[in-house]
Each structure stands twice: as structure tokens, then as C-alpha cells.
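The values are calculated or read from the model by the stated rules, or taken from the named source; none is laboratory data. These figures come from a predicted structure and were not determined experimentally. Positions of Cβ are backbone-derived with ideal geometry, glycine not excepted, and every protein chain shown enters the neighbour counts.
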Amino acid sequence: MIAAGKPDNEAARQEALLEYQLLDTLPEKEYDAITKLATQVCGAKMSTITLVDNDRQWFKSTYNLAASETIRTEGFCAHCILDPHHPTIVENTLKDERFQGNPFTTGEFANFHFYAGVPLLSTEGLPVGTLCVLDDRPRSLSPEQQESLEALANQVVQLMELRKKVFQYQESEEQLKRINQNLEDFSYIVSHDIKSPLNSITQMVEAFVEDTECTWSTESQSCLDLIRDSATGLEQMIDNILKYSKAVNYLESDRKLIDLNTFLPGIVRSINTSPQVQIVISPDLPSVFSSPTALRQIFANLVSNSIKYNDKSEGRIALSCRQMGSEEYKFEVSDNGMGIPKDKLESIFDLFYRVNQSSSCMKHSSGVGLAIVKKLINDLGGRIEVESAVNEGTTFKFYLPSR
């Protein structure tokens, strides 16, 4: 008997095997169905799905075989993985020097006189185990049987990969939960440890300004105004950062059917509109299935931006929505404002980005609103586009799935 050695990439192979988290798991009918089918297709007595561990061969599934594992040095599959790109077919183990004297060939359990195994390869091409059929008499496989065994081995790999993806998804979900918790902790710290001192500063400045017994010089008054404006601006920026950090939580609320004919006017009423700007909402809007909290935040940011950056004496903002086939809805928010230069369009959704920081209307802009909009739309499974011309206006188009 010649015991199978270990391949040069054994460490990487073992790591790939452990990623599937299959060792020592309970039987599963999907794998058992494949071993049963393998024996039927190949006309064999026995079949196993074998994972080659460090010192053992562990059977994820067996057909007509009572064992659950064997020592690796005595195993047939340990030889099979040494040639990962070809099946290992031994028509008569009694005549193969690798298996002469093997306890499963000539010893106490001498009933494995035929072996055919196909390596199970990970996505990196590493052999983690085999699908094999065995018989108690010497024999051979037809080309069709060998092809079928290889196809079944591929099905085993697909099951294993699906399992790995499920675990990866679960790990990602846990990671997202931890991130969300960190964001909540961050929000708490910002709200209590930063905003509270800011509020105190603002209130103290207001008290100084309103103190009728104090006479402030022009320079002192300017300093107080600067402190107040800076504190107010910083407080607004913190509020916007908090909105961005909490944006993902909007999607946790139940999505529901939203009648846009009443929903959009409600949003417009809640915004401080300018008398110079007219907001027009298209009639006969559809009802959409989405997160009302997220959709309200999206429209509030887009409409507020259109108002803030409208430099026309007669400003106009148009809101619309229509269904595009059966798969998605198309929303539009367009205005006739100052517009955005073409070379800035790719950056406007970046966090803290401001188109023209020297502009007077940018003084109280945090560069967070459009980042929130894009984040929410992406998390809802949609996408957003923008078209703009300087001095003519801007149109934001975003698409959300209909279900």
C-alpha cells in the first residue's frame, strides 16, 4: 500500500475546505440524493461525498456505506485529490500498487475492488474532496457514466458554493447590524456630547445680544454675530451628518403603498418655500410601493435644493412621476435655477461636496443633502441621474423598482 501524500498547496486547500463549514454537519437530503443517483447512473454498489480533512476523510453523504469517516492515509479519495483536474478511476484495486494491502482492499473490510472519484474543486480550483462510486468487484465505467459522474460532482460543488454564500450573507448581515449600532452610538454621542455645548454657546450669545443693559461696539457686535452664525452653521452640519448616518434605518420601516397625489403636496407644505418660487405637481400621479420615510427625505432634499439655488425672479419647480413598464417608476424634480456646470455633475453626490463654496447660497450648505438622496435611492434598489445647464436649470431623475 502506498499512502497518499499531501499536495504542495495543502494549507490553502484546508482553508478553502473550512470556508464551506461542512465538516461534521448532519446529513442533508440534497447531498444524499446525489450519492444515490451516482450509484444508479454508474451501476455501482456504493457512493460517497468525501471531504478530505487534515488527517481524515469525512463523508458528508454515503449510499450503502455505514462508515462516517476513515483515516486519510488509508483513503482512496486522498489519492484522487492529488490529480485535481482529472477523475481517478481504478478498475481493479487488487492490481493497483497504491491499494494493495489496504485494509479496504485486502483486509478486514476488503470489499472495495473498484473506485471512481471526481475531485470537488473550490472556486479557486482547490480540491476539497470527491464524489466517488465504489464496487465490490473489478469493473469499468462507460464514457457516458464517467461524464454523468463528473456532472453530479459539479452539482455537489454548486450546493457547497450556495452554502458558503449563505454564510457569507449572514456574516455580512451581522456586520451591517454592528455598523448600524455603531452609527446609533455615534448619533447619540453627537446629539448629547457635541450639540449640547453648541446649544449653550448659541443661547449665551443670544443672551448677550438681547441684553439691553450692555452697549456693544460695532466690532464686538460683529464678533458676537460671527460666533452665533458659526455655531448655527455647525449645528446644521451636525444635523445633516446625523441624517446621513441614519439614512439606512429609513428602510427598516415597512414599505407601503403611497398615494403620490396626497403625499407630494404634504411634503411641499412642510418646506419653507419662497414666494418667488412656484412648485407645480403633475396631476394623476400613480400610487407607488416604497418606504414613505425614505421617499419623503429624498423629495425634501431635492425640492429644498431647488429652492435654495434658484436665482430667478420667477422660479419654477416641477415634480412628476410615471410608471415605466411593469418594473419601475420614474420620478423627476426639475427647476429653472442657476444650474450646475458639467464638470461638477459627477461630484455632486459626494459627501460634503459643494459646487461653488464661494457662492453666497453655499454659506450654510453642508454638502450632505444629495449624498443622503443617492444613498437612500441606492438602498431602495434604484438609481439617480442628473441633467443640468448653467443659468437654465437642473433636472434630477430617479428610478425606483415597482415592487
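Brief remarks follow.
- Leading residue by the ranking (surrounded by the fewest Cβ atoms within 10 Å (Cβ to Cβ)) among those in the range 103-145 that are within 14 Å of CYS80 (Cβ to Cβ) and not hydrophobic (A, V, I, L, M, F, W, C): PRO127
- Answer residue from the range 84-102, given it is farther than 17 Å from VAL133 by Cβ and either within 41 Å of the chain's Cα centre (by Cα) or of a type in the set (A, V, I, L, M) (or both) and is surrounded by the fewest Cβ atoms within 10 Å (Cβ to Cβ) among those: HIS85
- Residue in the range 285-295 that is in contact with a helix residue (DSSP H, G or I) (Cβ under 6 Å, 6 or more places away or on another chain), free of Cβ contacts under 8 Å to residues at least 40 places away in the same chain and in a loop (DSSP other than H, G, I, E, B) present: yes
- Residue in the range 204-215 that is among the aliphatic types (A, V, I, L, M) and modelled with pLDDT under 75 present: yes
- Subset of the range 329-347 (residues that are in contact with an Asp or Glu (Cβ under 9 Å, 6 or more places away or on another chain), of a type in the set (A, V, I, L, M) and within 13 Å of ASN391 (Cα to Cα)): MET338
- The set of residues in the range 48-82 that are crowded, with 19+ Cβ neighbours inside 10 Å and farther than 17 Å from THR25 by Cα comprises GLU74, GLY75, PHE76, CYS77, ALA78, HIS79, CYS80, ILE81.
- When restricted to residues that are at pLDDT 90 or above and over 26 Å from the mean Cα position of the chain (by Cα), the range 278-301 contains 10.
- Residues located in the range 106-131, provided they are in a loop (DSSP other than H, G, I, E, B) and among the polar types (S, T, N, Q): THR106, ASN111, SER122, THR123
- Among strands (runs of 3 or more DSSP E) entirely within the range 1-105, having at least 3 residues that are over 18 Å from ALA151 (Cβ atoms) singles out 46-52, 56-63, 69-71.
- For the range 383-403, the tally of residues that are in a loop (DSSP other than H, G, I, E, B) and not β-branched (Val, Ile, Thr) stands at 4.
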